[in-house]
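Below: one structure, written as structure tokens.
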Amino acid sequence: MKMSYVPWLPIAFAAAMAATLPADAMAGAQARAGVSEVAALEPELEVLYKDLHQHPELGFQERQTSATLAAKLQPLGYEVTTGVGKTGLVAILRNGPGPTVMLRTELDALPIEEKTGLPFASTATAVDARGASVHVAHACGHDLHMAAWYGTAKLMAQWRNRWHGTLMLVGQPAEELGDGAAAMLADGLFTRFPKPDFAIGMHDEPTLPSGVVGFHAGYFRAAVDSIEIVIYGRGGHGAYPHLAIDPIVIAARAILGIQTVVSRETNTLSPAVVTVGAINGGTAPNIIPDEVRMLLTVRTFDAAVREHVLAAIKRQVDAEATAGNAPQLPRFKVYDSADTVYNDPATTARLVAALQRDLGPDSVREMPQQMGAEDFSQYGRAGVRSVLLHVGAVSPEDLASGRPLPYLHSPLWAPQLEPTLRSMVSAEVVMLTELLNTPHRQAP
């Protein structure tokens, strides 16, 4: 039988908490755990979501975003520390002996111009790390994640008589750059603060119906490597190409060769993606430039495939430069890397069981691996049992329509706010309560 819901929190969850009280206290428990507080939270979270959406900030520039969240958490009793990993945020709520459980949200937005047409659409601009002025927008849903994260923080603070241990909330900068988790860890995330026994993250998902939680045990999200390649030539007049060495031609041949790395050099059963996302060179139609700059992204799951693909791209580019008589070999730089996200199978199974129990069997769905990367992987590599889950953010009607729909990182992407937001809060509360009722502290 499909379970019924009160606004934002399943009846089953409220009933489970109320069942621990004497019968004459049950009505009060249901009020505390259900309609009155949860319904009252909805307007506040929507205001926060729209404010964050209208004021996005790039990675390592999220000062206003971090300050906004810190100001909302401090009155709830959290020990709040800002400036962790440059612009990150850590909030601790200690509630007696027990495990330490971490819930992470991302703070940063993307260098992209929003074209959703929403009345609260972002018109923000910023100067990026290269000194260029860019549009900025939350085209990946981090504003949604932050709003849910705060809603969960507020409910967990109100209901601390239902769990024990230490709740660790992490607002991570620069996820889109792939550097934020590493920066926080290098700044003592797991030494200055309690090292968690478990870490949870959630991300909006454009292939699932709104509110449905998606999971995948084991390797879930691909490793990523960003590459900058500068191809050198010898500038000259476009009318006399024989007196120059054209780096644009070399770059064009290199791009075609790079496409064969995946199609002809990697095992078809081990996924890999190579995309040239930017190519810049030249200033006028009659001038051959001195150099061309290319930016690439590489996605892999297998470590050996990852190493081979990176080496093969460099080999292809060097060979084309040599064939084109370039004055020197290209500059090849790998940056903004993140490892494969591995969801701890035992913890994943435990969380899925809790979600099915408290939110209903239709609330959770297994999903396939994804080539999108996430530096949430760094927490697992640091020895923490970690699970990254997704939550559907598209209406079932739109998914069933067959129409092409915007995806993450699209200027048109806008998650369906409800029921996505309330489901995200409910799922986070259920999972945190499950883990924070662990009988004893787990060994890392």
Whole angstrom only: what separates the Cα centroid of region 249-303 from the Cα centroid of region 155-194? 37
Please list, by residue number, every one of the trypsin sites (Lys or Arg not before Pro) in region 100-149 that is coil in DSSP and has at most 13 other beta-carbon atoms within 10 Å. 130
Need one number: nm distance between label points at residue 74 and residue 349, each 7 Å from Cα along Cα→Cβ, rounded to one decimal. 4.5
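Fewest to most neighbouring Cβ within 10 Å: what's the order for 371, 156? Mind dumping the intermediate values first?
On the way: 371 16, 156 24.
The fewest-first ordering by Cβ neighbours comes to 371, 156.
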Within the set 86/115; 86/314; 50/72, which residue pairs have Cα atoms separated by over 25 Å? 86/115; 86/314
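What translational D, rounded to a whole number of µm²/s, comes out for region 134-236 from Stokes-Einstein when the hydrodynamic radius is the Kirkwood one over Cα pairs, at 10 °C and 1.306 mPa s?
Working: Rh = 17.6 Å.
Calculated translational D: 90 µm²/s.
Give me the net charge for the shell around residue 244: Cβ to Cβ below 10 angstrom, other residues only, Lys and Arg +1, Asp and Glu -1. Present the calculation step by step, with values, prior to reporting the outcome.
Working: positive: 234; negative: 246, 290.
Within the 10 Å Cβ shell, the charges total -1.
Read the figures in this text as sums done on the coordinates, not as results from a lab. Because the structure is a prediction, the values reported are computed rather than measured. In this analysis, Cβ positions are derived from the backbone assuming ideal geometry, glycine residues included, and neighbour counts consider all displayed protein chains.
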